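Derivation of every value follows stated rules applied to the coordinates shown; laboratory data play no part. Just so it is clear, the model here is predicted, and its values are computed rather than measured. Every residue, glycine among them, receives a Cβ derived from its backbone with ideal geometry; neighbour counts consider all protein chains shown.
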Amino acid sequence: MKIIFMGTPDFSVGTLEALVEAGHEVVLAVTQPDKPKGRGKEMQFTPVKECALAHNIPVYQPKKIREPECIEELKKYQADVCVVVAFGQILPKEILEMTPYGCINVHASLLPKYRGAAPIQWAVINGEKVSGVTTMQMDEGLDTGDMLEKVEITLDKKETGGSLFNKLSAKGAALCVHTLAELEKGTITPQKQGESTTEYAKMLNKKSGEIDWTKTAVEIERLIRGLNPWPSAYTQWEGKTMKIWEAEVEDVVETIDTHEPGTITEVTKHGFKVQTGKGRLAIKSLQIPGKKRMEADAFLRGYHIEEGEKLG
């Protein structure tokens, strides 16, 4: 197939690579404009742009894909299908209907669950046991198009947003190649989505990681895993931002919550525990400004922290 590929972040790259390896002709890669990054504010290519250039695929970076001149540009390539993976802009009807097979999207959830921008992290935060990837025939709604194919995976007990990201990126790449093959054969029957059983998976930002110690230990531990590696969960300690990278829910049959949430209830040479709204959380790995991530025992060898102190 002649494919226009539309995507921007790392998650999209696996699918672009898979399409090239499967022998498809990717005639154009459409991605977001380059952005300045780092202290030097040097312009940085998107991951999809880097991948496309490595395969000698032409790159197009419109600020607004809905502009008439952008639509006309895409028409020039006379593609059979558009494949869209985390592109980052809403597509107009003219592009959705431009090619014979329309626009096929790879979405990192089992639709209709977790429509929206951050389905991977929210699946971990909400304690889902199973997640997966759906290929979808895009329409003008937000992740509401007809479902084509799905693949499920079971989440590990220690699954993080990062580990699930990697798994679903690989699964999505393989599924997209399979979906295109089945579409060419005419063997796929699209299915309507129906109503979603979960809230919209809203976009995350750094503020999303602020730990509310009045929540339960189970909820906070899932937040820590879901936001690892980005934007990361954090709290305040002695006026510093303390990132929490790993924690465990204290395995106690009956915990009497006598401390205020956020209070450090126990300090040993191995780590420390924090009171939550329900249960206690054993902090295993953390990071403070100017330092690398470290295990809790290493932190306690260099910094003084006492029972009764409050975080947050």
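Compared with the direct C-alpha span, the chain from residue 101 to residue 291 gains 63.3 nm at full extension, assuming 0.36 nm per residue. Qualifying trypsin sites (Lys or Arg not before Pro) in region 227-312, where qualification requires a DSSP coil assignment and no more than 10 other C-beta atoms within 10 Å, comprise 269, 292. Scoring 170-180, 149-159 by mean Cβ neighbours within 10 Å over their residues and listing the highest first yields 170-180, 149-159.
For region 175-225, applying the loop criterion from DSSP together with a ceiling of 12 other beta carbons within 10 Å to the trypsin sites (Lys or Arg not before Pro) yields 192, 202. Seen against the Cα atoms of the chain and their longest principal axis, helix 161-185 is set at about 20 degrees. In terms of its C-alpha gyration tensor, region 2-185 comes out oblate, because a/c is 1.5 or above while a/b does not outweigh b/c. The sum of -39500 (n - 2.57) across all DSSP H runs of n ≥ 4, divided by the residue count of the chain, sets its helix-only mean residue ellipticity at 222 nm to -7500 deg cm²/dmol.
Cβ crowding within 10 Å ranks 230, 245 as 230, 245, fewest other Cβ atoms first. Cα axis of helix 10-21 to longest principal axis of the chain: angle in degrees, 0 to 90, nearest 10? Helix 10-21 and the main axis of the chain meet at about 40 degrees. Here Rg/Rh (Cα atoms, Kirkwood Rh) was computed from the coordinates, and among (i) 1.17; (ii) 1.05; (iii) 0.94 the match is (ii).
Region 23-85 and region 120-154 have their alpha-carbon centroids 24 Å apart. Legend: ranking of residues 294, 136 from fewest to most surrounding C-beta atoms inside 10 Å; resulting order 294, 136.
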